[in-house]
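Here it is: the structure, laid out below.
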Amino acid sequence: MINKNFFFKGYRSIFTHDSPAIALTCCFIAIGALLKNLGFNIQESIFSTVLTYALPGSLVMAESMLIGASLLNIFLAVWIVNARLYPMAVSLFPLMMHKSQPKWKYYFSCHFIAVSAWLIMKSNYKKIPKEHRIDYWIGIGSAAMCASIFGTFIGFSFSEYLNKDMMMGLAILNPVYFLCMLVGASTTIPVTLSVLIGTVLGPIIYLFSPEWSILLTGVIGGTIAYLIGEHIVS
Amino acid sequence: MSANIIYAILVTSIATFLSRILGVITSQGITETSKIFRWFNCLAYATLAALIARTIIFPAGVLSDASYLSRLLVVLLCLGIFFITKKNFVYPTIFSAILMAVLNNYF
């Protein structure tokens, strides 16, 4: 079963002095308000946060519903936007896999992959024995999920008090927080190069292919950064 | 609950979970010291950087109503605060929301 010590250690990690809980909660406040404006009720809004648990995916769903898109269109649009979760999973789970742990933990906990939890785990995994990293990860994911549900509830409940300026403030908070986290995580040459190339290349590729820009940038920018990084290290 | 909304939520969650579960399945044959792991690590960071850059430069939703200048100003000032405060994440994050709301209100 789940080791309680490491689970709660992970759970508490998002409530530190430089916690992502504030940013995460604020982002989901915006989502809660948006879903209410779309006609969702409170159960549907929380159901959406729990089941999807990915901000860009939720935004795409909301925008697609606004224009009356079909379910197939919603599926494809969300799948393309959230395809970034695939390389994020592949670059995280090998750090947590241990033969003493049952596989259901990995299949279950992959649902927690999102930018904030992923960046926290990437920053802290070396402090945790490999055998217990998955329990620590489940703790981080559970805490981030609780913060998201809380934010959705607050956003839904107080949406009529949120004017456009406040919604704009909540909307910029998310990219600024993630940008700071990415800059903070850039401690090695390959990661620093990946962040720099991704930041420059992403908007350029967007001009030619809006739908595929994030994935294309990831593959092109990541490969260039990897090759340069390997060359410098060798 | 409305059936259409429930279907939309279910479709969205399946589309999202697909990438996550495929990532876990792929991870089973990869060790953390392998070259492919390092490559995927670069892919993940570049993808995230592209997503954030796109959100700031080509935003969707309410943020698209803010001018380029105000968005750029907020991001640059917040990065400055991030370094001044010895890489604290909370101060620039909170400051970004306040500054954006104020800039949008007055400019």
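Read the figures in this text as sums done on the coordinates, not as results from a lab. Predicted model only: the values in this text are computed from it and were never measured. Cβ atoms come from the backbone with ideal geometry, glycine included; neighbour counts cover every protein chain shown.
Go through region A:6-18 and report how many residues are buried (at least 20 other Cβ atoms within 10 Å of the Cβ) and at the interface with chain B (Cβ under 8 Å from one of its Cβ atoms).
0
Have a look at A:Phe178, A:Phe156 and point out the one that is in a helix (DSSP H, G or I) and either more than 22 Å from B:Leu51 (Cα to Cα) or in contact with a strand residue (DSSP E or B) (Cβ under 8 Å, 6 or more places away or on another chain) (or both).
A:Phe156
A:Gln43 fails exactly one of the following numbered conditions: (1) in contact with a helix residue (DSSP H, G or I) (Cβ under 9 Å, 6 or more places away or on another chain); (2) facing another protein chain (nearest Cβ under 7 Å). What is the number of that condition?
It is condition (1) that A:Gln43 fails.
Table: residues versus (1) hydrophobic (A, V, I, L, M, F, W, C); (2) without any contact (Cβ under 8 Å) to a residue 60 or more places away in the chain; (3) in contact with a strand residue (DSSP E or B) (Cβ under 7 Å, 6 or more places away or on another chain).
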site	(1), (2), (3)
A:Ala69	yes, yes, no
A:Phe75	yes, yes, no
A:Val81	yes, no, no
A:Pro87	no, no, no
A:Ser91	no, yes, no
A:His98	no, yes, no
A:Gln101	no, yes, no
A:Trp104	yes, yes, no
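Results for (1) more than 8 Å from chain B (Cβ to nearest Cβ); (2) not polar (S, T, N, Q), shown as yes or no for each residue.
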residue: A:Pro56; (1), (2): no, yes
residue: A:Met61; (1), (2): no, yes
residue: A:Leu66; (1), (2): yes, yes
residue: A:Ala69; (1), (2): yes, yes
residue: A:Ile74; (1), (2): no, yes
residue: A:Asn82; (1), (2): no, no
residue: A:Met88; (1), (2): no, yes
residue: A:Phe93; (1), (2): no, yes
residue: A:Ser100; (1), (2): yes, no
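Here's a follow-up. Are any residues in region A:63-100 not hydroxyl-bearing (Ser, Thr, Tyr) and not in a helix (DSSP H, G or I), and if so, which ones?
A:Ile67, A:Gly68, A:Ala69, A:Leu92, A:Met96, A:Met97, A:His98, A:Lys99
Ok, one more. Taking only pairs six or more apart or across chains, which ones have beta-carbon atoms under 8 Å, a first residue in region B:12-41 that is free of Cβ contacts under 8 Å to residues at least 40 places away in the same chain and more than 7 Å from every other protein chain (Cβ to nearest Cβ), and a second residue that is surrounded by fewer than 16 Cβ atoms within 10 Å (Cβ to Cβ) and in a helix (DSSP H, G or I)?
B:Lys35/A:Glu230
So which of B:Ala44, B:Ala8, B:Ala49 ends up being part of a helix (DSSP H, G or I), closer than 30 Å to B:Ala101 by Cα and free of Cβ contacts under 8 Å to residues at least 12 places away in the same chain?
Being part of a helix (DSSP H, G or I), closer than 30 Å to B:Ala101 by Cα and free of Cβ contacts under 8 Å to residues at least 12 places away in the same chain holds for just one of B:Ala44, B:Ala8, B:Ala49, which is B:Ala49.
Checking B:Phe83 against (1) more than 7 Å from every other protein chain (Cβ to nearest Cβ); (2) closer than 26 Å to A:Ile197 by Cβ; (3) touching a Phe, Trp or Tyr at 6+ places or on another chain (Cβ under 9 Å), which test does it fail?
Every condition holds for B:Phe83 apart from (3).
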